[in-house]
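The block underneath contains the structure these notes are about, expressed in structure tokens.
The values are calculated or read from the model by the stated rules, or taken from the named source; none is laboratory data. Model, not experiment: these values are computed from the prediction. Cβ placement follows ideal geometry from the backbone for every residue including glycine, while neighbour counts extend to all protein chains displayed. Just so you know, the surface numbers come from the protein's heavy atoms only, side chains and all, with ligands and any DNA or RNA stripped out. Shrake-Rupley method; radii C 1.70, N 1.55, O 1.52, S 1.80 Å.
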Amino acid sequence: MASYNLKINGKAVAVTVDDDTPLLWVLRDELNLVGTKFGCGIAQCGACTVHLDGTAVRSCSIPMASLEGANITTIEGLSDDKLHPVQEAWKELDVPQCGYCQAGQIMTATSFLKQNPNPNSEQIRTAMNGNLCRCASYNRIEKAVALAAKKMS
Amino acid sequence: MENQNKFTLSRRNFIRTSALASGGLLIGFNFLTSCGETAAPPVDISKLDFKDFNAFIKIAENGYVTIFSPNPEIGQGVKTSMPMIIAEELDVPWDHVSVEQGALDTTNFSRQVAGGSQSIRFGWDALRQTGATAKQMLINAAAAKWGVEASTCSASNGIIKNSNGDELGYGDVVNEAAHLEIPEDVALKTTKDYKIIGKDAINVDIDAIITGKPLFGLDYVAENMSYVSVIRPPAFGQKINTFDDTAAKAVNGVSEVVQFGDKIAVLASNTWAAMKGKKTLKVQWTNDSNLENTADHDAELFKILDGKNLEIRREDGNVKQAFAEADKVLERTYESPFLPHNCMEPMNFYANVTADKVHLVGPIQTPAGTARRIADLINRSEEDIHLEMTRMGGGFGRRLYGDFALEAAEISNLTKQPVKVIFSREDDMAAGIYRPAIKYRIAASIKDGNVTGYHLKEAAINSNMYGLIPHFFPAGAIKNYKVESGNYQSNITTGAWRAPYTNFLAFAEQSFFDELAELLETDPIQLRLDLLKNVKDGEDPNIQYSAKRMTDTINLVAKKSNWGNTKDGIYQGFAAYYSHNTHVAEVVDITLKNGLPLVEKVTVAVDCGIVVNPTGAKNQVEGGVIDGIGHAMYGDFSFENGQPQHVNFNTYRLIRMKETPIIETYFVDNNLSPTGLGEPGLPPAGGALANAIKAATGQLLTKQPFVKSIQKYEANLKV
């Protein structure tokens, strides 16, 4: 067990957990931030995507030992009081079916649009390829990312 | 079934009203009773109480409406679309309506089962009647207040008017309405007056989903709850011999290790510790029965197809004679693997078994049946069981089976503490209840340019096609017709998987028809249309597809896809299928890149009657079609020595965005009662895809997944 100091959604947080505990389970079980989902545990599905210093990462495969002082944003901290343009686009296009993977999709999309604010269709498809959606809402995810880019420009 | 059909249930049997202590009107009705094909209203209505109702409409004094819906939401959208139907007839603005998941209580509610794409179909009449009855009560209350005849009043958008120009809001009369008799024979709207039905309504849970609020079973936490990871036999056919839990107990956070049956539960203060503890368990497994292999299954299923011990499911005319007299005979065998469901939210359930009661929370499609099984398992009265449902991170059939809930209840009962069982992805994929591996052999006879005979044999692991499936198209369209089935009993667990049986049967038949068309030198769509001309709707009660509706659906997809008139370099494949009471036709467009196929677009025509919520309906179709293409293309699951050969997404391939075609959905415009959409979009997709690939490359695909037969497909994706 060791203590870690993190900044999560803008707030300083201290947790005492085993070194090998993945960030995902610290968020979910210790901090009750359950918007970040468990899907595969091996960084293959993207349901657990959060931002580490602004970049999309798979929280299921990052152990706490590597995260002292890290700055993490989860779906709960993506926007303050109003929706992020990516969330607005998701709502406008009624993207989710079951909804389970969507927080991870949104976190991947927001990070991607920061790097590439004006993507073409091929770039969107490549950027989102790592996030599985078992309900296959892919068409709408693709459209929502494009719509969000337009909203943010 | 016309929309304006007279409603047959007595309102009193399923509606009851009450005044709320806090002011307002509560209307109780049976959501799921009305949605179940066989459910009957209570016999003795004098004994009806609110506990007999599983759904409620609450109208507050400010006129705002809350609809409490007990229906399981697995992503099919009924939590939005079913309340829309009530709101339409109640005639309130949709933005005055909120929908809440009703608290579930299996002690009082005994008919909470949903599934099979049937919620909308069976709910249609009752939901409209419920809304219309409530509206009439409010009108009656306003009329009494004004001292005028109710017939001179009308209501719209939450406001009641009389002929003198007076107005009252619904909220102004709710307290009076609560004390009135329930009116009989209320009028329903005609479709032209619809204001909510047929308009896009965004998923009612959208804000919670996109901001990460706790909604799903995995998000549920209770005080003092232990997180549980369970080790189950790694192969079907194995059981525990001995185990050593010394290392597991030494893992920081692990509190207890307990065996139950042939499984071992590791309880811990967090999920990670429970999973780590499980990995350090040393278990010696021993063989209890056969450890089966996919190669053996293949041999057994072929033996069934080659043998004579099949059960006849439908037989018309004389197939033997048709084949004897044929000019030409076409015969093909089609093969599919097992498939896991792979809901994105792995199986999980919370249980707290105490002396007072058994509290259960989690994602389940069959709460009532699961509660009964749990009562039996831990020897408790059904009245003790209190089960709450959460939103579900996908279902696809997997959450019809309550095995994970039974595990949670058994562990809580043994350890006397609240527990939450959480499957890892590996647990979820390896302890599955799979789509059974199936093989079809189809033969057709041709004489004088006509299809004269059709003979289909099914060989499947554990179970075979059921119900009316043997009476689906082409039953009724070919004079001499025979469907037979047989199965091989395996110790590998199998069950329903989105569009059971037809998810693969449609591919086999629709591919076969393409080959038949080639043999007959006719257009594949024309062959289907010609065959449908042989079917007289309503003549055979077992044949529930409509030749007219299927023809209209096919014509719509042909038009919208520019069938036969595409640009150079686009190859098309067609399939049409009726399942779950909905008619669907699809055209897949592919192009060739370096000589290999790329799926570009799927044009879909759907006849599901009145489309209640177009955005939700299209979402279901888009998802179903891509799901069908993904599994036909990539879904591969096999066993060696009883052990699944894939347990996570690093080797088990699901379709991803880059492989996804654009789906264009068109609905046949009619005024017929609505039918379901959770499943029907899926079955035709594989057949349309195979037919497009054949059109482009000449390659005949008879075995799923296609990716194994298409050389260098992987390389193509990387170009």
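When the convex hull of the C-alpha atoms of region A:2-77 is computed, what volume per residue in Å³ does it have?
Details: hull volume 5.6 nm³, N = 76.
Normalising the Cα hull of region A:2-77 by residue number yields 74 Å³.
If you count, for every residue in B:618-627, the Cβ atoms of partner chains within 10 Å of its Cβ, what is the mean?
Per residue, the number of nearby Cβ atoms from other chains is 5 on average.
Efficiency by 1/(1 + (r/R0)^6): what FRET value for B:Glu167 and B:Asn671, r their Cβ-Cβ distance, R0 = 25 Å, to the nearest 0.05?
It comes to 0.20.
As a test of the formula, what do you get for chain B when each DSSP H run with n ≥ 4 contributes -39,500 (n - 2.57) and the sum is divided by the residue count, at 222 nm and rounded to the nearest 500 deg cm²/dmol?
-9000 deg cm²/dmol
Within 10 Å of each Cβ in B:245-255, how many Cβ atoms from other chains are there, averaged over the peptide?
Counting other chains' Cβ atoms within 10 Å and averaging over B:245-255 gives 1.
Can you find, among B:Ala155, B:Ala250, B:Leu556, the residue farthest towards the positive end of the dipole of chain B? Put +1 on the C-beta of Lys and Arg, -1 on that of Asp and Glu.
Looking along the dipole axis, the top candidate is B:Ala250.
Given the convex hull over the Cα atoms of chain B, what projected area results after averaging over all orientations, in nm²?
The orientation-averaged projected area of the Cα hull of chain B comes to 34.3 nm².
Taking GluC sites (Glu not before Pro) as candidate sites, keep only those in a DSSP loop with at most 11 other Cβ atoms within 10 Å, then name the longest stretch of chain B containing none of them.
Answer from the scan: B:224-520.
For q = 0.07 Å⁻¹, what log10 I(q)/I(0) does the protein assembly as shown give under the Debye formula with an equal point scatterer on each alpha carbon and no solvent?
-0.58
Rounded to the nearest 5, what % of DSSP beta bridges with both residues in region B:371-497 are antiparallel? If you can, show how the numbers build up before the last one.
Details: 10 of 20 bridges.
Antiparallel: roughly 50 percent of the beta bridges in region B:371-497.
How high is the FRET efficiency from B:Arg232 to B:Asn379, r the C-beta distance, R0 30 Å, rounded to 0.05?
For B:Arg232 and B:Asn379, the calculated efficiency is 0.85.
With charges set only on the Cβ (+1 for Lys and Arg, -1 for Asp and Glu), what does the dipole of the protein assembly as shown come to about its Cα centre, in debye to the nearest 20?
Values: 85 positive and 101 negative charges, 226 e Å.
Using only the charged Cβ atoms, the result is roughly 1080 debye.
How much net charge surrounds B:Pro683 when only other residues with a Cβ under 10 Å from its Cβ are counted (Lys, Arg +1; Asp, Glu -1)?
For residues surrounding B:Pro683, the net value is -2.
Provide the net charge surrounding A:Asn120, with neighbours chosen by a C-beta distance below 14 Å and charges set as Lys +1, Arg +1, Asp -1, Glu -1.
+2
For the residue pair A:Ser61 and B:Lys303, what label-to-label distance in nm results when each label sits 7 Å from Cα along the Cα-to-beta-carbon direction?
4.3 nm
Rounded to the nearest percent, how much of the accessible area of the protein assembly as shown (1.4 Å probe, protein heavy atoms only) is carbon and sulfur?
Roughly 48 percent, rounded to a whole number.
Measure off 7 Å from each Cα along the Cα-to-Cβ vector at B:Ala187 and B:Asn290, then give the distance between these two points in nanometres to one decimal.
Output for this residue pair reads 6.7 nm.
Given N residues in region B:556-641, what is its alpha carbon radius of gyration divided by 2.2 N^0.38 Å?
1.28
Please return the longest range in chain B lying between exposed loop sites, taking trypsin sites (Lys or Arg not before Pro), DSSP loop only, at most 15 other beta-carbon atoms within 10 Å, and leaving the sites out.
It works out to B:7-194.
Tell me, what is the per residue accessible area of chain A in Å², probe radius 1.4 Å?
Roughly 37 Å² per residue, with all protein chains present.
Place a point 7 Å from the Cα of B:Lys279 along the Cα-to-Cβ direction; which residues of region B:423-465 have their backbone N under 20 Å from it?
The answer is B:423-431, whose backbone nitrogens lie closer than 20 Å to the label point.
In whole Hz and in residue order, list the ³J(HN,Hα) couplings for region B:536-550 that follow from phi through the Karplus curve 6.51 cos²θ - 1.76 cosθ + 1.60, θ = phi - 60°; x for Gly and Pro.
9, 4, x, 6, 10, x, 6, 8, 9, 6, 10, 4, 5, 5, 5
Return the percentage of antiparallel bridges among DSSP beta bridges fully within the protein assembly as shown, rounded to the nearest 5 %.
The antiparallel fraction comes to roughly 75 percent.
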